[in-house]
Ligand SMILES: *Cc1c(COP(=O)(O)O)cnc(C)c1O
């Protein structure tokens, strides 16, 4: 099932890229493997998937203990300061930085690990109370400035989640707002290359608005069973 899903997804990513004049290899696929077990991840890796996304610190820590650097890991979830240590050793990229204290703790742990941690700032383009992320552009500019002073952090782009709606215009606006914000930050001395936006339901819109990283779970692995632990699946 994963093989068919992947094939179909890659075809859609490719055709979307071509239809908007982009190169398919400019869009990185992060397979969101939360709630799925080691066998599922290994199966996807065997089919050529290189990058996996997790949204819980302990789950990433435990999967990393088993799989290590056989695949590349991305942390995409809400991160508490006391759990930063579980994700810095494993993550190629942390997508969800939204406060100065979090950035400082990532910097501290990265220094311990003797690495430069790549990060994205998460922006709440939807205005939805339930979502995390920086609430306005001013906060993003300020945190970008703070990040520049942290030597073990490399700030390379922005991440967002579109609003929960069927209204395609609102989804598109949330993605185009993120792209504009990245351009603005780059006009003010940043050197951002990445836009992490687009999930199963909206990756085509995201790609057409300039996404460089799509985070896709259910289109690859099928629906998640939230009543189950990843160890049992
Ligand atoms: C779960 C999750 C995804 C993937 O969602 P799907 O709809 O299954 O593709 C993407 N981004 C974040 C932050 C997530 O938590």
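Of everything in region 143-189, what is assigned to a helix (DSSP H, G or I) and in contact with a helix residue (DSSP H, G or I) (Cβ under 8 Å, 6 or more places away or on another chain)? Give them in sequence order.
Passing the criteria: 143, 144, 146, 147, 168, 171, 172, 175, 181, 184, 185.
Report the residue count in region 27-50 for those that are within 14 Å of the ligand (Cβ to nearest atom) and either in a strand (DSSP E or B) or under 19 Å from the mean Cα position of the chain (by Cα) (or both).
Of the residues in region 27-50, 11 are within 14 Å of the ligand (Cβ to nearest atom) and either in a strand (DSSP E or B) or under 19 Å from the mean Cα position of the chain (by Cα) (or both).
Are there any pairs, at least 6 apart or on different chains, whose C-beta atoms fall under 8 Å, with the first in region 36-58 and in contact (Cβ under 8 Å) with a residue 60 or more places away in the chain and closer than 18 Å to residue 95 by Cβ and the second within 16 Å of the ligand (Cβ to nearest atom) and outside any strand (DSSP E or B), and if so, which?
49/6; 49/220; 53/33; 53/34; 53/76; 53/217
Report, ordered by the first and then the second residue, all pairs with beta carbons closer than 7 Å, sequence separation of six or more or different chains, a first member in region 197-211 that is touching a residue at least 60 places away in the same chain (Cβ under 8 Å) and under 14 Å from residue 19 (Cβ atoms), and a second member that is outside any loop (DSSP other than H, G, I, E, B) and near the ligand (Cβ under 8 Å from one of its atoms).
Every condition considered, the pairs that remain are 203/216.
This table checks each residue for (1) under 30 Å from residue 65 (Cβ atoms); (2) within 16 Å of the ligand (Cβ to nearest atom).
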site: 90; (1), (2): yes, no
site: 102; (1), (2): yes, yes
site: 139; (1), (2): no, no
site: 153; (1), (2): yes, no
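For region 205-233, which positions are exposed (fewer than 13 other Cβ atoms within 10 Å of the Cβ) and either under 17 Å from the mean Cα position of the chain (by Cα) or closer than 28 Å to residue 169 by Cβ (or both)?
223
Look through region 51-73, keep the residues that are under 15 Å from residue 221 (Cβ atoms) and near the ligand (Cβ under 10 Å from one of its atoms), and return whichever of them is surrounded by the fewest Cβ atoms within 10 Å (Cβ to Cβ).
It comes out as 55.
Name every residue in region 1-26 that is assigned to a loop (DSSP other than H, G, I, E, B) and either more than 16 Å from the ligand (Cβ to nearest atom) or within 23 Å of residue 194 (Cα to Cα) (or both), in order of residue number.
Within region 1-26, 20, 21, 22, 23 meet the criteria.
Report whether or not residue 176 is within 16 Å of the ligand (Cβ to nearest atom) and at pLDDT 95 or above.
When the stated conditions are applied, residue 176 does not pass them.
What strands (runs of 3 or more DSSP E) completely inside region 63-135 contain at least 2 residues that are in contact (Cβ under 8 Å) with a residue 24 or more places away in the chain and within 30 Å of residue 168 (Cβ to Cβ)?
In region 63-135, the matching strands (runs of 3 or more DSSP E) lie at 91-97, 117-122.
The values are calculated or read from the model by the stated rules, or taken from the named source; none is laboratory data. Note that the structure is predicted; figures quoted are calculated from it, not measured. Virtual Cβ from ideal backbone geometry, glycine too; neighbours counted across all protein chains shown.
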